[in-house]
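Encoded as structure tokens, the structure appears first; notes follow it.
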Amino acid sequence: MADLLAPWMLWLKAFHIMSFIAWMAGLFYLPRLFVYHCQVAAGSAESARFKVMEYKLLRFITTPAMISTFIFGGLLSSIPGVVDWHSGWWLTKLACVLAMAGFNGACGRWRRDFASDRNTRPERFYRMANEVPTVLMMIIVIMVVVRPF
């Protein structure tokens, strides 16, 4: 399998990066929508609009982008020589990617709370949560580009 993928490595890398960018865009925007959603009354027309926006962003952009990031990343990592499996940067990157997937799952749970008008978290919580993907993305990029250990 790895021999079949090697000639496609640059294409796989390009699609992996594009998927990651789309995933990050969704994770940057969704908590911001939650901040704005906190500012409107439950049951209002504005709240209904935010529910649709949050659902579509998570269902049609963020989660599919996460899945394709994992698929293309998995295919890339199966090519011999792409990853030094004993390097610390790889494990750190993997831990941050898994944390990002957990954050994606948390966003799904928060979206369901808003969808059923059961959100109990304040606006400030979502403002702080909005920084989590930024920090994880910074660590991931540094690990891949600099490979400090």
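Fully extended, how many nm does the chain gain between Ile21 and Phe125 (0.36 nm per residue separation, minus their Cα-Cα distance)?
Additional length available on full extension: 35.0 nm.
How much of the accessible area of the chain, in percent, comes from carbon and sulfur atoms when a 1.4 Å probe is used?
The C+S portion of the solvent-accessible surface of the chain is 69 percent.
Just to confirm a number: summing +1 for Lys and Arg and -1 for Asp and Glu over residues other than Val141 whose beta-carbon lies under 13 angstrom from that of Val141, what do you get?
Neighbour charge sum, excluding Val141 itself: +2.
Can you work out the Karplus-derived ³J(HN,Hα) for every residue in region 104-116? Use 6.51 cos²θ - 1.76 cosθ + 1.60 with θ = phi - 60°, whole Hz, and x for glycine or proline.
4, x, 5, 4, x, 5, 5, 4, 5, 4, 5, 4, 9
Can you figure out the FRET efficiency of Leu10 with Ala95, using R₀ = 35 Å and their beta-carbon distance, to the nearest 0.05?
That gives a FRET efficiency of 0.85.
May I ask you to compute the full-extension gain from Tyr55 to Ala42, defined as 0.36 nm times their residue separation minus their alpha-carbon distance, rounded to one decimal in nm?
My answer for the length gained is 3.1 nm.
Please tell me the relative contact order of the chain in percent, rounded to the nearest whole number, where contacts are Cα pairs under 8 Å and at least six residues apart.
37 percent
So what's the angle, to the nearest 10 degrees on a 0 to 90 scale, between helix 9-38 and the longest Cα principal axis of the chain?
20 degrees
Please compute the per residue accessible area over region 25-69 with all protein chains in place, 1.4 Å probe, rounded to a whole number of Å².
Here the per-residue accessible area is 50 Å².
Enumerate the residues in region 123-149 having an amide nitrogen under 17 Å from the point lying 7 Å beyond the Cα of Phe28 toward its Cβ.
The answer is 127-142.
The values are calculated or read from the model by the stated rules, or taken from the named source; none is laboratory data. Everything numeric here is computed off the predicted structure, so don't read it as measured data. Note that we place each Cβ from the backbone using ideal geometry, even for glycine, and neighbour counts take in every protein chain shown. Note: accessible area is taken over every heavy atom of the protein model, side chains too, but ligands, DNA and RNA are not part of it. Shrake-Rupley method; radii C 1.70, N 1.55, O 1.52, S 1.80 Å.
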